[in-house]
Each structure stands twice: as structure tokens, then as C-alpha cells.
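The values are calculated or read from the model by the stated rules, or taken from the named source; none is laboratory data. All values reported here derive from a predicted model rather than from experimental measurement. Side chains are part of the model used for accessible areas, which takes the heavy atoms of the whole protein and leaves out ligands, DNA and RNA. Shrake-Rupley method; radii C 1.70, N 1.55, O 1.52, S 1.80 Å.
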Amino acid sequence: MDILRLILSILLPPLGVFLQVGIGAQFWINILLTLLGYIPGIIHAVWIIARR
């Protein structure tokens, strides 16, 4: 399941974070980072998935 989340976090970073933690602070931070730049959103999403 983590492989699927990692693939989804590369394609759509907020979706990967949503599947991992749901709608919370980390989800909104990831949306903000993705809007500011796609690469920071990916890095944050992979970090969230790898941390848990």
C-alpha cells in the first residue's frame, strides 16, 4: 500500500498525504506547498509517507 501512496504522491502530492493522514494540518500544508511549487509538495508528501 505504501508503494501506491508513493506513486500517488508523485502524481498528486495532496492525494498521497490525504490517504496517509486524512484531512488535517499536514494535508493543508501540502496543498499550500504544491501550489507554491510542485517539487516542494512532492518532497513533503514523500516525507509524510516515509515518516509513518
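Per the helix-only calculation at 222 nm, which mean residue ellipticity applies to the chain, given -39500 (n - 2.57) for every DSSP H run of n ≥ 4 and division by its residues, nearest 500 deg cm²/dmol?
Taken over the chain, the calculation gives -26500 deg cm²/dmol.
On the accessible surface of the chain, probed at 1.4 Å, how many percent belong to carbon and sulfur atoms?
Looking at the chain in its full context, I get 79 percent from C and S.
With springs only between Cα atoms under 10 Å apart, run a GNM on the chain and tell me which of ILE23, ILE42, ILE31 wobbles the most.
With Cα springs under 10 Å in the chain, the top fluctuation among ILE23, ILE42, ILE31 is at ILE23.
Can you classify the chain as rounded, prolate or oblate using the Cα gyration tensor, where a ≥ b ≥ c are the square roots of its eigenvalues, rounded means a/c under 1.5, and otherwise it's prolate if a/b beats b/c and oblate if not?
oblate
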